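> Structure below; questions to follow.
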Amino acid sequence: MQVLLIGGAGYIGAHTALAFLDLPGTRVGIFDNFSTGSPDNIPEGCEAFEGDILNEKSLHEVLSMGWDTVVHLAAFKAAGESMESPEKYSINNINGSINILTGCSKHCIRNFILSSSAAVYGEPQYLPIDENHPTMPENYYGYTKLSIEGHLKWYDMLKGIRYASLRYFNAAGYDVQGRMRGLERNPANLIPVVMEAAAGKRSELSVFGDDYPTPDGTGVRDYIHVTDLADAHVKAAQYLAKEDKSLTVNLGSESGLSVLEILNKAREVSRKEIPARIAPRRNGDPAKLIASSGYAKQVLGWQAAFSDLDTIIASTWNVYKDL
Ligand code: WQD
């Protein structure tokens, strides 16, 4: 297999590169503009190419190098920011994806794996969320992912590009062997914010609401370890290489953790106080989001193995403790 990870120098991309490198005889390339990812994240053994998905010349140059599979991880992902600057998201996430699809078609790359998101579902109408749940994104970021999925369906039908759209729930954790240490700059997601507060880089954690209809009143999410996500990408690539059909799957642990459960485990593991205060709810936040991942298990033989609370928090603190 010859797999090109577009946006592969980021948090999920670099962990995914590690997983593909473990597959004997796999050629792994990383194409990235290093706007949020870093060359330091690129594991030994990958071919690295600096370029931007909005620069069709550089993109086509790399796409023409004999790849059989593309994993598309290059996107902006901040839901709140997408509501303030939709143009930034439509240009990068949508136009950029169309550039990649057009390049795949031109260079006969038939297998396309998309980093998608549970954000395509919007407010849950039932839980756990399965792939048949209505897709009504509540933020423009989620809409960009749904829109790209729509293009994939047409390119499948019209150009024979088979795709696997992987709808991640909340990605978390770090490689348990400590091989990945890249930190997100100015994070907004809960776990990196908690870790920055633990490491003293942030004065406190604001808990966005403690009056939700959940056991302790704080938001519940389905945290999926990034190594489990990476494993799903490898299984999806093997599926596309073997089967001549596309698929869309949820990737989650199927269990929910609250903000306070995350915070208290981080205090226990880091042995730091981690100051926190209750703040108003954040617009657009559902009380609870939990995945049904049975379809990924059934079709890909995928099973989360690192997504327990202890592993997620311990592997993350192992990176942040040296901040
Ligand atoms: C988790 C919980 C917050 C920060 C987002 C995107 C989604 C996906 C994953 C890409 C919620 C609470 C958070 C803080 C807090 N991104 N929280 N204080 O919102 O579930 O999903 O990231 O695919 O598209 O929307 O993740 O980590 O922001 O929030 O209390 O400082 O933590 O209210 O309950 P979210 P999150």
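The values are calculated or read from the model by the stated rules, or taken from the named source; none is laboratory data. It should be emphasised that the depicted structure is a prediction, and the values quoted were computed from it without experimental measurement. Here the Cβ positions follow ideal geometry from the backbone for every residue, glycine too, while neighbour counts run over all protein chains shown. Areas reflect the complete protein model, heavy atoms only, side chains present, ligands, DNA and RNA absent. Shrake-Rupley method; radii C 1.70, N 1.55, O 1.52, S 1.80 Å.
> Roughly how much of Leu323 is accessible, in Å² to the nearest 10, using a 1.4 Å probe?
90
> Also, I was wondering about something else. Provide the per residue accessible area, probe 1.4 Å, for the chain, rounded to a whole number of square angstrom.
43
> Here's another thing I want to ask about it. Would you please report the Å³ per residue occupied by the convex hull of the alpha carbon atoms in segment 1-128?
122
> Provide, as a two-decimal number, the C-alpha radius of gyration of segment 154-213 over 2.2 N^0.38 Å, N being how many residues it has.
1.76
> Here is a follow-up. Run the reach check for Lys245 against aspartates and glutamates, Cα to Cα strictly under 18 Å, same-chain hits fewer than 8 apart removed. What comes back?
Cross-link targets: Asp68, Glu131, Glu149, Asp156.
> Still on this structure: Could you list which residues have their amide H under 5 Å from that of Ile30, counting only those 5 or more apart in sequence or on another chain, with H placed in the peptide plane?
Leu5, Glu47, Ala48, Phe49
> Taking trypsin sites (Lys or Arg not before Pro) as candidate sites, keep only those in a DSSP loop with at most 15 other Cβ atoms within 10 Å, then name the longest stretch of the chain containing none of them.
1-178
> Please list the non-local residues whose amide H lies under 5 Å from the amide H of Thr248, H modeled 1.01 Å from N, same-chain partners needing a gap of 5 or more.
Amide H neighbours of Thr248, under 5 Å, 5+ apart: Ser165.
> Another one. Leaving ligands, DNA and RNA out of it, work out the accessible area of Phe306 with a 1.4 Å probe and give it in Å² to the nearest 10.
Only protein atoms counted, so the area is about 70 Å².
> When the Kirkwood hydrodynamic radius is evaluated over all pairs of different C-alpha atoms of segment 47-120, what value in angstrom, to one decimal, is obtained?
One decimal place: 13.2 Å for the Kirkwood radius.
> Translational D (Stokes-Einstein, µm²/s) of the chain at 20 °C and 1.002 mPa s when Rh comes from the Kirkwood sum over C-alpha pairs?
108
> For the pairs Lys201/Lys297; Lys88/Lys235; Lys235/Lys265; Lys153/Lys297, flag any whose C-alpha to C-alpha distance is greater than 29 Å.
Lys201/Lys297; Lys88/Lys235; Lys235/Lys265
> Oh, and also: What size of dipole, in debye to the nearest 20, comes out for the chain about its Cα centre when the only charges are +1 on Lys and Arg C-beta atoms and -1 on Asp and Glu C-beta atoms?
220
> I need the Debye-formula profile for segment 196-323: one equal scatterer per C-alpha, no solvent, reported as log10 I(q)/I(0) at q = 0.10 1/Å, two decimals.
Evaluating at q = 0.10 Å⁻¹ gives log10 I(q)/I(0) of -0.41.
> Ignoring everything except DSSP H segments at least 4 long, calculate the 222 nm mean residue ellipticity for the chain; use -39,500 (n - 2.57) per segment, divide by total residues, nearest 500.
Result for the chain: -11000 deg cm²/dmol, rounded to the nearest 500.
> Another question about this same structure. Over the alpha-carbon set of segment 261-323, work out the extent along each principal axis and list the three values in angstrom, largest first.
43, 32, 18
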